[in-house]
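Contents: one structure, followed by commentary.
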Amino acid sequence: MKLQTIKESKNKNEYEESIKNFADALDQRLTFLKEEKSKVEKSAMESYESKVQYITSKRNEVETRLEEIKSTSQAKWNETYSAVHQELTKISSEADEVYVGLTNGFDYLFKKMKS
């Protein structure tokens, strides 16, 4: 399942809300991954934890950008918007790629266990 994207909006308040929703979606994914940790084989645990930590670091970057947006004055909003949106789009793509890789690994393992 693809991560929801951050909706483009020239309205500062709407954009803040979109970032907050995106951060919440990342939190839900991280919660899921932490709950699924017990199903990971010991040999794959280091790699799994590394990838979860990577997504966590991306979540922290999103929070940093959200705080940056909140503290940006309306006068500087247009200047800040483009750079931050570009960065958040990249973060979204990177976090999604890692998450999908992990969950596809689960699907593969679950199918093998069933057969």
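In the chain, Cα pairs under 8 Å separated by at least six residues give a relative contact order of 35 percent. Computed over the alpha-carbon atoms, the range 55-109 gives an Rg to Rh ratio of 1.17, Rh here being the Kirkwood radius from the mean inverse distance.
Placing unit charges on the Cβ atoms of the charged side chains and taking the dipole of the range 12-114 about its Cα centre, the candidate lying farthest along the positive direction among Ala23, Ala95, Thr64 is Ala95. Out of (1) 45, 22, 9; (2) 29, 15, 10; (3) 34, 12, 10, which label holds the value of semi-axes √(5λ) of the Cα gyration tensor in Å that was computed here? Computing semi-axes √(5λ) of the Cα gyration tensor in Å and matching it to (1) 45, 22, 9; (2) 29, 15, 10; (3) 34, 12, 10 gives (3).
Pairs spanning more than 27 Å between alpha-carbon atoms, out of Lys34/Lys76; Lys7/Lys37; Lys34/Lys58: Lys34/Lys76; Lys7/Lys37. Secondary-structure-derived ellipticity at 222 nm for the chain, considering helices only, amounts to -29500 deg cm²/dmol, per-run term -39500 (n - 2.57) for DSSP H runs with n ≥ 4. For the chain, the Cβ-based charge dipole about the Cα centre amounts to some 380 debye (Lys, Arg positive; Asp, Glu negative; other atoms uncharged).
Under the combined filter of DSSP loop state and at most 14 neighbouring Cβ atoms within 10 Å, the range 21-114 retains these GluC sites (Glu not before Pro): Glu41.
Every number in this text was worked out from the coordinates using simple rules, so none of it is lab data. Computed from a predicted model, the values in this text were never measured in an experiment. Cβ sites come from the backbone with ideal geometry, for glycine too, and all protein chains shown count toward neighbours.
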